[in-house]
Structures are given as structure tokens and as C-alpha cells.
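Here's the structure we're looking at; comments come further down.
The values are calculated or read from the model by the stated rules, or taken from the named source; none is laboratory data. Just so you know, these numbers come straight off a predicted model, no measurement behind them. Areas reflect the complete protein model, heavy atoms only, side chains present, ligands, DNA and RNA absent. Shrake-Rupley method; radii C 1.70, N 1.55, O 1.52, S 1.80 Å.
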Amino acid sequence: RQAEALETAIVERRRVELERYASVGSFADSPSGSFRVWPLQLLFHNIGWYLVYEEDNVGRAEGLIRSERIDRLALRRSERGNRRSDEAHAAALARLRTLLHHSGGIYFGDNLDAQLRLCSPNIRVRARQLQTLRFCCQGWCFAFIREGLQRYPIEHTRFSMPLPGDSWWHHPKAPHVLEPGSPDDSHPYPVELDLPSWTVERDIDLRNWLFGFGAGIRIESPTALRQEHRQKLEAALAVYHHGA
């Protein structure tokens, strides 16, 4: 019933008041208590339904776009007296499409100005919001990664070219443009992704995907993510060491 009420609020462009349950899982920048938002879209992601909404930002035309699992929210009321124009709703949806495209997921950070810069019509302004993630792969790992052409924007993705003697097939539109490493390197296949800074710094989906390859990848940059990956591998090894 709550999902139906949210769908109605989306169609009727109504502002709603939500409350995030205090006992549910949360992250450092998760909202708390009651807050007013403009609901934009219901999305199924991974294993649950999410509400994507724009925060009601008094005094500004745009608000921060965020997402939250529906089962972590209580819809307290739909405000019949607060509706906005179709134009404002369409503009917010256009920003959402851009954020989804560049982020490769449903985490869009916690900085409105950064979101607006990524959605700027100026290509140079947009480019300054992207950070290059570079990592090198073992052969088995690279076989999976080079098949994932739809995970992140293809125009911001670069894959390794084959090593001499490699005979693996790749899609003709795949961006295999990077020079491979030495055949003696354990991780000779580089990959580069240009992603929003919030994705590189805090996105859980990126980490689940990237760290899920374990020792199959070696992160080159940025340094902070390289160190984070190393610490997680060392922590997992320590668990087994102490339990032996």
C-alpha cells in the first residue's frame, strides 16, 4: 500500500513526508528522523525496491537526489497542498538519468553542488567531477571484466589490449585501448574507469564488485582505494590466521 501511495504522489507531483526507521541498517550519510521530499521514481536494485527522491531544498530550485530502500521508510503523509510543476519534475528526472548513467548504481553522494556540476551542460565542468580508477587484472579476472560493457559508461571505460599470443575474443565495440603490462606480471591487464568522486570514495556496489575479485585485481589508483582493498584482504587473512 505504501508503494502505491508513493506512486500516486509521483504521478501527482506531490511532496511527501517520510520517516526513516531508527532500527534499520544505515550508512554515515543516511538521513534520520522525518524529512520532506519530492518522490521521483521507484527502482528495483539488487534485492530490493528503492525510492529515488529529491530533497525539498528551501530557497533553491534543486535539491539533493538520493535513494533509500522502501522498507526502511515510513510514509507519514502526502501533502495535498504542495505540488510542483511538470517542468520541475521533468528537470529532476533528467538529472537522475545523468546520475544513474555516470554512477553505475543508485548512490549519488551527499553534495548537491557536485551533483549539479556532473549534470552540467558544459563538458569540461562534467569532466572535472570524474576521477580515474585504475586497476590491473589477472587473466581469469579480466575475462569476466571485459564482458561487462554495461556496468559503467562505455565512453568512460578503457580496457587492456591483448598480450602477444592472446587469442581471446572481445566485442568489436569494446574499448581495448590500454597497453598491457609485461607477460611476466601477475596482473598484466589494466582497466581504467572514469567515475564520480562519490562512487570511488564511498559506493558500496563498486566495492562489492571490485573487491569481490579478491587477489585477482591490483588497484593502482587512487591510493586511498588501493589501501582500502589491501586492508580488507589483510583483515580477512588475519581472521583465518587467528582461528587456525
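Kindly express, to the nearest 10 degrees and within the range 0 to 90, the angle between helix 86-103's C-alpha long axis and the longest C-alpha principal axis of the chain. Around 20 degrees separate the two axes.
In order along the range 136-146, the phi-based Karplus estimate (6.51 cos²θ - 1.76 cosθ + 1.60, θ = phi - 60°) of 3J(HN,Hα) comes to 10, 10, 6, x, 4, 5, 5, 4, 6, 5, 6 Hz; Gly and Pro are listed as x.
A cut-off of 5 Å between modelled amide H atoms, ignoring neighbours fewer than 5 places along the same chain, links Phe108 with Ser67. Applied to the range 43-58, the Karplus parametrisation 6.51 cos²θ - 1.76 cosθ + 1.60 on θ = phi - 60° returns per-residue 3J(HN,Hα) values of 10, 8, 9, 6, 10, x, 8, 10, 9, 9, 9, 10, 5, 6, 9, 4 Hz, with x for Gly and Pro. When Rg and the Kirkwood radius Rh are both evaluated on Cα atoms of the range 132-204, their ratio Rg/Rh stands at 0.97. Computed on protein heavy atoms with a 1.4 Å probe, the accessible areas place Tyr240, Tyr50, Tyr21 in the order Tyr240, Tyr21, Tyr50, largest first. To put it simply, the accessible area of the chain at a 1.4 Å probe is 51 percent carbon and sulfur. Computed from Cα atoms, the angle from the helix 223-243 axis to the main principal axis of the chain rounds to 80 degrees. Against the empirical curve 2.2 N^0.38 Å, the C-alpha radius of gyration of the range 98-244 lands at a ratio of 1.13.
Would you grab the residues whose amide H sits under 5 Å from the one on Ser221? Only those 5+ places off in sequence or on another chain, please, with H modelled 1.01 Å from N. So Ser221 has HN proximity to Arg134. Along its first, second and third principal axes, ordered by size, the range 1-104 spans 36, 33, 27 Å in Cα coordinates.
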